[in-house]
Amino acid sequence: MRPYCSHPLSFRGWLAVAWQIKQEDLKHYPHFDKHLPLDEIEKIIMDRERVRTNAFFPFLRYIEKWRPYRPNGKSKKERPIRYAARRDAYIFAYYRSLLSEKYEKELSALGIQNCPIAYRKIPVTPGLTGGKCNIHFAKDAFDAVVQMGNCCAVALDVSSFFESLDHERLRAIWCRMFEMDELRPDHAAVFKAMTKYSVVDREKAYERLGFFGTKMKNGKMSKGFLKPFKEMPTQLCSTKDFRKKIAGGDPSMPSLIETNDLPYGIPQGSPISDLLANIYMIDFDVLLSKWVQARGGVYFRYSDDILMILPGGAKEGLEARDFACEQIKNFGDEIKIKPEKTSIVRFFETAEDKLQFEPIENSGKNGLEYLGFRFDGRYVYLRDSTVSGFYRKITYSVRQAAYAHISRYHGKSLSFLINSFDLDRFVQDFGRVEGFDSNTEYQDWTFWTYAKRAGEIFGLMGSPILRQLRNHRKLVKSRVDEELTRAFISMQPRTMSVEVSPPNWQA
């Protein structure tokens, strides 16, 4: 499962009624365009001609990096995130709402409304408010395993999902959703902005505009932001400076704009990207769902994660894997399933009526791993990568908090700094859930409340989850002490000899 994509823009809370934007929905992150008032936004998104003629700015791109759990702890993963200028994002969000309505109707008509589960509002209880999140989707899958008993679970991963979507296939499905022979001009403009998109590397843009460069930090010269992010202007530059400094209008400043000239790929990170990826796979979802159901199984797709659970053992699992890998070839030249990420797990009942598992292929040695959890036939656990990602995020946040705390109490001793750090406040306020579905009302949960809620939803099956975090506060305390000590030493003048007694870091 990918970590939560914390790009600066998230409209999912109001996408169903995008034309009723509230003041709190307005975004003020730095980009190339100026801030727009509510009434102006509504005028733009509701005017087909203004959408058709809108000059879309390049996306700003940054690389999201993380280190997933590995036995040797060495491999890093990267994912390019691209986010749109505010005006463009409002347009994308509005057209997403129009497209989402058509997509939901099509899913119901095809009888696959429970198959694609990511980026949608799916009620926990039909007819009532309250949407499902990762926990509920994982529980649905694990419950299916328990109900089938002797079965196999086949987990597949689509390689470079967003970057592989064929443009002409996407255009045809978009037309189909609206029963158009050709895209209406305003829709065509949005489609073009999402397929023949352009990007500018965020760091290069900031450097070109004077917000990023070389500076002195802790006695050393290093590259970084020249002013705090919160002090960055909402509009990074005037339209004139954009043309001159970013788009290559000044011959001494080559253009930073990169354009996607390939016949495939859309930018991940815009308000409409996730839905376009979903509608692209609708016929594949129908095909796989019918094939699996004909064999008494169930099929789920969470973005690029495909899961098939069907009665039988290794033979049936390998047959399902081969069928999916073969069929996906019909949905674009670039879209493929990663062989190295394929996992097949066989579950079987013992004489004691206990459900056990046997790995058949690749990463099934820990049982079925799905949406941040793993299931061994009896109990549900947080995946190792989920927990390690959580504590990696803690370390990063503690490091920032340590430097801020020392700066606030400049000149104080290390002992004072450690004793005065408000650990309870830090633990309480610490971060959002990494890997959590922001399409639900649960998006402001912390990891601790997420784990606690997971234990409640899974019930007896989830009893090990809180035990995995039983040393949570002690571990955070050890990280705080360690980072305060490290920051304290690094911030001392080079001529001073500092002797400190390291705290007890054992959790």
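The values are calculated or read from the model by the stated rules, or taken from the named source; none is laboratory data. Bear in mind that the values here come from a model prediction, so they are computed numbers and not experimental data. A quick note on method: Cβ atoms are made from the backbone with ideal geometry, for glycine too, and the neighbour counts reach across all protein chains shown. Ligands, DNA and RNA are stripped out before the accessible areas are found, and what is left, the full protein with its side chains, is counted by its heavy atoms. Shrake-Rupley method; radii C 1.70, N 1.55, O 1.52, S 1.80 Å.
For TYR90, the conditions (1) among the aromatic types (Phe, Trp, Tyr); (2) at pLDDT 55 or above; (3) open to solvent by 40 Å² or more (accessible area, probe 1.4 Å) are fulfilled apart from (3).
For the stretch 362-395, what are the residues that are at positive phi and either under 17 Å from the mean Cα position of the chain (by Cα) or free of Cβ contacts under 8 Å to residues at least 60 places away in the same chain (or both)? Result: ASN362, GLY367, LEU371, GLY372. Only one of the numbered conditions (1) at pLDDT below 90; (2) in contact with an Asp or Glu (Cβ under 6 Å, 6 or more places away or on another chain) is not met by ARG48, and that is (1). Taking the criterion of being open to solvent by less than 10 Å² (accessible area, probe 1.4 Å), within 30 Å of LYS27 (Cα to Cα) and not in a strand (DSSP E or B), would at least one residue in the stretch 103-110 satisfy it? Yes, that holds for at least one residue. Name every residue in the stretch 450-474 that is part of a helix (DSSP H, G or I), open to solvent by less than 30 Å² (accessible area, probe 1.4 Å) and among the hydrophobic types (A, V, I, L, M, F, W, C), in order of residue number. Those that are part of a helix (DSSP H, G or I), open to solvent by less than 30 Å² (accessible area, probe 1.4 Å) and among the hydrophobic types (A, V, I, L, M, F, W, C): ALA451, ALA454, ILE457, PHE458, ILE465. Among the candidates GLY313, GLY296, the residue that is at pLDDT below 95 and open to solvent by 10 Å² or more (accessible area, probe 1.4 Å) is uniquely GLY313. The conditions are (1) β-branched (Val, Ile, Thr); (2) surrounded by 14 or more Cβ atoms within 10 Å (Cβ to Cβ); (3) more than 15 Å from ALA118 (Cβ to Cβ), and ILE272 fails exactly one of them. Which is it? It is condition (3) that ILE272 fails. Between residues in the stretch 266-284 that are in contact (Cβ under 8 Å) with a residue 60 or more places away in the chain and residues that are small (Gly, Ala, Ser) and open to solvent by 10 Å² or more (accessible area, probe 1.4 Å), which pairs lie under 6 Å by C-beta distance while being six or more apart or on different chains? Qualifying pairs under 6 Å: LEU275/SER100.
List the helices (runs of 4 or more DSSP H) that sit entirely inside the stretch 317-436 and contain at least 1 residues that are among the acidic types (Asp, Glu), surrounded by fewer than 18 Cβ atoms within 10 Å (Cβ to Cβ) and at pLDDT below 85.
On the way: elements: 384-408, 414-420, 423-429.
Correct list: 384-408, 423-429.
If you go through the stretch 123-143 and keep only what is aliphatic (A, V, I, L, M) and either open to solvent by less than 10 Å² (accessible area, probe 1.4 Å) or in contact with a Gly (Cβ under 6 Å, 6 or more places away or on another chain) (or both), you end up with VAL124, ILE135, ALA138, ALA141. Here LYS139 fulfils each of the conditions (1) modelled with pLDDT of 95 or more; (2) in contact with a Leu (Cβ under 9 Å, 6 or more places away or on another chain) apart from (2).
So which strands (runs of 3 or more DSSP E) stay within the stretch 186-260 end to end and still have 3 or more residues that are touching a residue at least 12 places away in the same chain (Cβ under 8 Å) and open to solvent by 80 Å² or more (accessible area, probe 1.4 Å)? It would help to see each step written out before you state the result.
On the way: elements: 198-201, 212-217, 220-225.
Once the strands (runs of 3 or more DSSP E) in the stretch 186-260 are filtered for at least 3 residues that are touching a residue at least 12 places away in the same chain (Cβ under 8 Å) and open to solvent by 80 Å² or more (accessible area, probe 1.4 Å), nothing remains.
The residues listed here are ARG169, ARG120; of these, the one that is in contact (Cβ under 8 Å) with a residue 12 or more places away in the chain, part of a loop (DSSP other than H, G, I, E, B) and open to solvent by 10 Å² or more (accessible area, probe 1.4 Å) is ARG120.
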